[in-house]
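These notes are about the structure you will find just below.
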Amino acid sequence: MLDNHQPIGVFDSGVGGLSVLDHVHRLLPSERLIYVADSAYMPYGSQSSEVIRERSRLITRFFVEQGAKAVVVACNTATAAAIENLRETFSIPMVGMEPAVKPAVEATRVGIIGVLATSGTLASEKFSRLVSRFNSHVEVIFQPGTGLVELVEAGALESEKTVALLQEHLTPLLERGVDALVLGCTHYPFLTPAIRKIVGEKVAILDTGDAIAAELKRQLERSSQLATKASGQVSFFSSGNIESVEPMISRLWGRSVQVHPLKTG
């Protein structure tokens, strides 16, 4: 039997999912959270769908062994490749990512939106189905954010290399006249200050962290599993090198944390 004091698992291929974890922690401050950065397999965009599904199953099994009452797949690529399989395999609620195309359609004034995402997300059937719901109303322009995940993982959030790469990726979108930009990867919100300097104030920048947190809350409310006692403990695990991962998680989380080695059998 699950109870409302059990933890919620959140995972990504690396540190990008911390942007989602932050939204969840702010909206549900009493919940106990477990975050996994699967850094040994980062980025998922360079992995096959089979590897992503296997890693997602192993990490979710780890969460279940910790007594998790829900799991957030805080990665667009893993959501596209694995969430249907996870829902078939595990009985607890699974909340996945969906690029903020719908909010962008509502935000655009000129009817042209841009989606900056990984190649894996842009090529997925799930993303194609999402866009098909809206592309009769607006023009949707896709742009792979090749190389950005690795720069976020390295902590180069506003380095010359990062700014130059963002300029390269964003210029084609700006030239097409987009006035709403969807950040379709959980790593990209950490680049928002640098992106804002390039796109200016007239372009809306949208990510889905708040919507994911709200959906998680709705699912827990439906099953009467919201935490009733304030705990708010957040634990961190990684499959990567702890000495390099721990400082980056601490930096992006905004406070010093201990990261534990992930053992998935």
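Would it be correct to say that Phe11 is assigned to a helix (DSSP H, G or I), on the phi < 0 side of the Ramachandran plot and open to solvent by less than 50 Å² (accessible area, probe 1.4 Å)? Steps first, please.
Details: assigned to a helix (DSSP H, G or I): no; on the phi < 0 side of the Ramachandran plot: yes; open to solvent by less than 50 Å² (accessible area, probe 1.4 Å): yes.
The answer is no for Phe11.
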Exercise. Quickly run through segment 242-265 and pick out the residues that are open to solvent by 70 Å² or more (accessible area, probe 1.4 Å) and under 18 Å from the mean Cα position of the chain (by Cα).
Key: Arg251
Quiz item: What single numbered condition from (1) at pLDDT 95 or above; (2) surrounded by 13 or more Cβ atoms within 10 Å (Cβ to Cβ); (3) assigned to a helix (DSSP H, G or I) fails to hold for Val115?
Solution: (3)
Quiz item: Would you pick out the residues in segment 41-57 that are small (Gly, Ala, Ser) and at pLDDT below 95?
Solution: Gly45, Ser46, Ser48, Ser49
Exercise. Please work out if Thr60 is in contact with a strand residue (DSSP E or B) (Cβ under 6 Å, 6 or more places away or on another chain), at pLDDT 95 or above and not small (Gly, Ala, Ser).
Key: yes
Quiz item: Limited to segment 43-55, what total is found for residues that are more than 16 Å from the chain's Cα centre (by Cα) and not in a helix (DSSP H, G or I)?
Solution: 2
Practice problem: May I ask you to verify whether Ser256 is of a type in the set (Ser, Thr, Tyr) and part of a loop (DSSP other than H, G, I, E, B)? | Solution: yes
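Have a look at Ala68, Ala74 and point out the one that is of a type outside the set (Asp, Glu) and within 16 Å of Ser238 (Cα to Cα).
Values: Ala68 fails: within 16 Å of Ser238 (Cα to Cα).
The unique qualifying residue is Ala74.
Which ones in segment 238-252 are hydrophobic (A, V, I, L, M, F, W, C) and in contact with a strand residue (DSSP E or B) (Cβ under 8 Å, 6 or more places away or on another chain)?
Here is the first cut: in segment 238-252, the ones hydrophobic (A, V, I, L, M, F, W, C) are 242, 245, 248-249, 252.
The answer is Ile242, Val245, Ile249.
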Quiz item: Taking segment 1-14, which residues are modelled with pLDDT of 95 or more and under 24 Å from Ala154 (Cβ atoms)?
Solution: Val10, Phe11, Asp12
Exercise. Name every residue in segment 19-37 that is farther than 14 Å from Thr186 by Cα and among the polar types (S, T, N, Q), in order of residue number.
Key: Ser30
Exercise. Would you confirm whether any residue within segment 33-42 is among the hydrophobic types (A, V, I, L, M, F, W, C), farther than 27 Å from Ala156 by Cβ, under 16 Å from the mean Cα position of the chain (by Cα) and surrounded by fewer than 24 Cβ atoms within 10 Å (Cβ to Cβ)?
Key: yes
Quiz item: Taking segment 198-234 as the search range and keeping residues that are among the charged types (D, E, K, R) and in contact (Cβ under 8 Å) with a residue 24 or more places away in the chain, which one is farthest from Ser30 (Cα to Cα)?
Solution: Asp207
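Residue-by-condition table, conditions (1) open to solvent by 10 Å² or more (accessible area, probe 1.4 Å); (2) touching a Leu at 6+ places or on another chain (Cβ under 9 Å); (3) not aliphatic (A, V, I, L, M):
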position	(1), (2), (3)
Val152	no, yes, no
Leu181	no, yes, no
Thr186	no, yes, yes
Leu191	no, yes, no
Arg196	yes, no, yes
Leu206	yes, yes, no
Arg218	yes, no, yes
Ser235	yes, yes, yes
Exercise. Go through (1) within 21 Å of Leu252 (Cα to Cα); (2) within 16 Å of the chain's Cα centre (by Cα); (3) in a loop (DSSP other than H, G, I, E, B); (4) not acidic (Asp, Glu) and name the single condition Pro99 misses.
Key: (1)
Practice problem: For segment 56-80, enumerate the residues that are open to solvent by 20 Å² or more (accessible area, probe 1.4 Å), assigned to a helix (DSSP H, G or I) and either touching a His at 6+ places or on another chain (Cβ under 7 Å) or not hydrophobic (A, V, I, L, M, F, W, C) (or both). | Solution: Arg57, Arg61, Glu65
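Take the conditions open to solvent by less than 40 Å² (accessible area, probe 1.4 Å) and of a type outside the set (Gly, Ala, Ser) and apply them to Phe134. Does it pass?
Details: open to solvent by less than 40 Å² (accessible area, probe 1.4 Å): yes; of a type outside the set (Gly, Ala, Ser): yes.
Yes: the conditions hold for Phe134.
The values are calculated or read from the model by the stated rules, or taken from the named source; none is laboratory data. This structure is a prediction, so every number in the text was calculated from the model and none was measured. Note: ideal-geometry Cβ built from the backbone for every residue, glycine included; neighbour counts use all protein chains shown. Only protein heavy atoms, including side chains, enter the accessible area calculation; ligands, DNA and RNA are left aside. Shrake-Rupley method; radii C 1.70, N 1.55, O 1.52, S 1.80 Å.
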